[in-house]
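Participant: Submitted below is the structure of interest, expressed as structure tokens.
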Amino acid sequence: MKKYHNCLKGIIVLSLCAALCGCGLKETADSSLSGTTTENALSDIPDSYSKEGENITFDTKVTVAQSVKTSGMKDLSAGIQAPDPEKARDILMGTAKIVGKNEEKGNYWYEGADNEVLSINDTSISYSTPFFVNISSCFRLEKNYSDYNADKYEVNKDLAFSSVKDAFSDIKEQLAEMGISVDDQYKCFSLDHTLLAQEESVVDIDGNQDLENYKDSWSSDDDCYYFVWNQHYDGSPIYHIFYDAFPLVEDANAAVQAVYNKDGIQWLQVEKVFQFTENEETYSLKPFEDIATVIENKYTMILGTAKYTVQSAELYYMAQKISESEYDVLPVWIFKLLDAESGKVVQDVINAQTGEEIIWEEK
């Protein structure tokens with residue numbers, strides 16, 4: 001099924017561009033918290049946190065942006081950066097011959113004669129070329145799949161056709177023309193053609209090798225970069241739920257992703273990039289130990305022999321929609337736990353102000 005699951009998220013994304021699904025973020029209170037909030041909680045945040053429990057162990061790296069440690073966590077308001085459909089079409093489709101299109105306001109779609117596909121709505125851009133189909137058979141970023149292999153590729157290594165820095169600058173400039181501003185905190189996987197050839201895997205719907213759909217040959221012309229942008233504000237990461245359907249914090253769910261080769265952008269995914277307004281106040285946060293207690297209590301109550309290790313805790317901003325053009329911004333702790341039995345990573349999100357667990361649910 002690899003050929004199909006490698007492109008599954010892309011198919012879902014293109015569908016969601018036309019009709020986004022809804023989601024809710026529900027908070028559940030933990031009755032063990034004292035209810036007190038301290039303005040000085042930031043000074044109590046450790047760099048690491050260790051504690052042994054019956055079925056949960058904290059061996060936790062704690063991450064907070066330096067700007068937050070210095071000046072506190074700023075109270076923010078947020079809105080969506082809306083892409084410019086005409087600019088996106090002109091830049092991405094270029095001189096391609098358009099053989100199919102829809103230009104309904106809020107739902108633009110174009111198909112090129114060489115199988116280029118572009119979809120644009122009020123919050124997203126999705127663009128793909130046949131070159132990217134080949135790359136998706138060789139580079140697999142989704143950690144939930146057993147054939148994940150992104151860790152085999154070098155990161156931020158310059159390839160012959162362009163430096164990483166120059167490629168980034170070109171993409172950033174084109175995004176700005178389309179109405180999307182990104183910061184300079186990115187991750188770049190360097191996809192060398194030799195490793196791409198080794199990692200290529202295409203199977204049919206029955207799970208058998210589909211040799212007819214393998215690329216005929218690989219050369220240095222196929223070298224490319226895979227860029228991932230996870231949005232930040234003043235050094236703090238923004239929690240992004242990809243297309244309101246994929247809530248796990250990982251590179252595969254980043255708000256902006258792009259494949260870039262000697263001919264420029266070959267694949268682009270832009271989804272709900274925020275613009276922020278800084279308010280006068282700073283957030284008042286619960287002491288970190290109170291937040292850790294919420295996690296401890298939750299997993300202590302789980303019946304059975306499951307064992308969990310809390311590997312990391314990081315302070316994020318999270319935007320929740322309150323109207324068509326405005327979002328409420330919350331400070332949240334995102335914990336990553338390792339399930340010893342399954343080997344899978346579990347994610348928990350806790351409101352840093354109230355100590356309530358935030359549970360994502362699709363509606």
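Bear in mind these aren't lab numbers, they're just calculated from the coordinates by the rules spelled out. Treat the numbers as computed from the prediction; the structure is a model and nothing was measured. Heads up, the Cβs are rebuilt from the backbone with ideal geometry, glycines too, and the neighbour counts pull from every protein chain shown.
Participant: For segment 269-329 and segment 205-241, write down the distance between their C-alpha centroids in whole Å.
Facilitator: 28
Participant: Sticking with this structure for a sec: Springs between alpha-carbon atoms under 10 Å, Gaussian network over the chain: tell me which of ASP147, ASP114, ASP206 tops the mean-square fluctuations.
Facilitator: Checking each option, the largest mean-square fluctuation is seen for ASP206.
Participant: Further, regarding this structure: Rank these for me by crowding, SER48, SER342, going from fewest to most other beta carbons within 10 Å.
Facilitator: In order of increasing Cβ crowding within 10 Å: SER342, SER48.
Participant: Show me the ranking of peptides 319-328, 84-93 by mean Cβ neighbours inside 10 Å, starting with the highest.
Facilitator: 84-93, 319-328
Participant: Arrange ASP47, ASP348 by Cβ neighbour counts within 10 Å, fewest through most, would you? Could the numbers behind the result be given before it?
Facilitator: On the way: ASP47 9, ASP348 18.
Lowest to highest Cβ neighbour count: ASP47, ASP348.
Participant: Right, here's the next one. Compare the peptides 248-255, 184-191 by average per-residue count of other Cβ atoms within 10 angstrom and give them in order, highest first. Spell out each step's value before the answer.
Facilitator: Working: 248-255: 19.0, 184-191: 17.5.
So the peptides 248-255, 184-191, ranked by packing, come out 248-255, 184-191.
Participant: Further question on the same structure: What ranking do 299-305, 258-264 get when scored by the average of other Cβ atoms within 10 Å per residue, highest first?
Facilitator: On the way: 299-305: 10.4, 258-264: 20.1.
Top of the packing list down: 258-264, 299-305.
Participant: Lys and Arg at +1, Asp and Glu at -1: add these up for the other residues within a Cβ distance under 11 Å of LYS321 and post the number.
Facilitator: Numbers: positive: LYS272; negative: ASP244, GLU324, GLU326, ASP328.
Net charge around LYS321: -3.
Participant: Okay, next question. Rounded if a/c is under 1.5, else prolate if a/b beats b/c, else oblate: with a ≥ b ≥ c from the C-alpha gyration tensor eigenvalues square-rooted, which is segment 255-363?
Facilitator: Taking the square roots of the gyration eigenvalues as a ≥ b ≥ c, segment 255-363 is oblate.
Participant: Then there is this: Using alpha-carbon pairs under 8 Å, 6+ residues apart, how would you state the relative contact order of the chain in percent?
Facilitator: Computed over the chain, the figure is 27 percent.
Participant: Divide by every residue of the chain the summed helix terms, -39500 (n - 2.57) for each DSSP H run of at least 4, and state the resulting mean residue ellipticity at 222 nm, rounded to the nearest 500 deg cm²/dmol.
Facilitator: Mean residue ellipticity, 222 nm, calculated: -5500 deg cm²/dmol.
Participant: Nearest 10 degrees is fine. How inclined is helix 288-300 to the longest principal axis of the chain, computing both from alpha carbons?
Facilitator: It works out to around 80 degrees.
Participant: Give me the angle, in degrees from 0 to 90, between the Cα long axis of helix 164-177 and the longest principal axis of the Cα atoms of the chain, rounded to the nearest 10.
Facilitator: Orientation of helix 164-177: about 90 degrees from the principal axis.
Participant: Here's a follow-up. Work out the charge dipole of the chain with +1 on the Cβ of Lys and Arg and -1 on the Cβ of Asp and Glu about the Cα centre, then indicate which of VAL155, TYR233, VAL64 is farthest towards its positive end.
Facilitator: Projecting each Cα onto the dipole axis, the largest value belongs to VAL155.
Participant: Local charge sum around LYS336 (other residues, Cβ-Cβ under 12 Å, Lys/Arg +1, Asp/Glu -1)?
Facilitator: -2
Participant: I would also like to ask the following. Go through (i) -0.57, -0.98; (ii) -0.69, -0.98; (iii) -0.63, -1.01 and flag the label whose value is the computed log10 I(q)/I(0) by the Debye sum over Cα atoms at q = 0.09, 0.12 Å⁻¹ for this structure.
Facilitator: Step by step, log10 I(q)/I(0) by the Debye sum over Cα atoms at q = 0.09, 0.12 Å⁻¹ for this structure corresponds to label (i).
Participant: Any chance you could give the angle, 0 to 90 degrees and rounded to 10, that helix 8-18 forms with the longest Cα principal axis of the chain?
Facilitator: 90
Participant: Okay, moving on. Below 22 Å, Cα to Cα, which lysines can LYS172 reach? Residues fewer than 8 away in the same chain don't count.
Facilitator: Straight-line reach from LYS172, under 22 Å: LYS87, LYS157, LYS187, LYS262, LYS272.
Participant: Cut-off is 10 Å between beta-carbons; in what order do SER236, SER146, SER71 appear when sorted fewest neighbours first?
Facilitator: SER146, SER71, SER236
Participant: Follow-up question, since we're still on this one. Quick check for me: using +1 on Lys/Arg Cβ and -1 on Asp/Glu Cβ, what's the dipole size of the chain about its Cα centre, in debye to the nearest 20?
Facilitator: Value, rounded to 20: 240 debye.
Participant: Starting at the first residue of segment 226-240, write each ³J(HN,Hα) from the Karplus equation 6.51 cos²θ - 1.76 cosθ + 1.60 with θ = phi - 60°, in whole Hz, x for Gly and Pro.
Facilitator: 10, 9, 10, 10, 9, 5, 10, 10, 6, x, 8, x, 9, 6, 10
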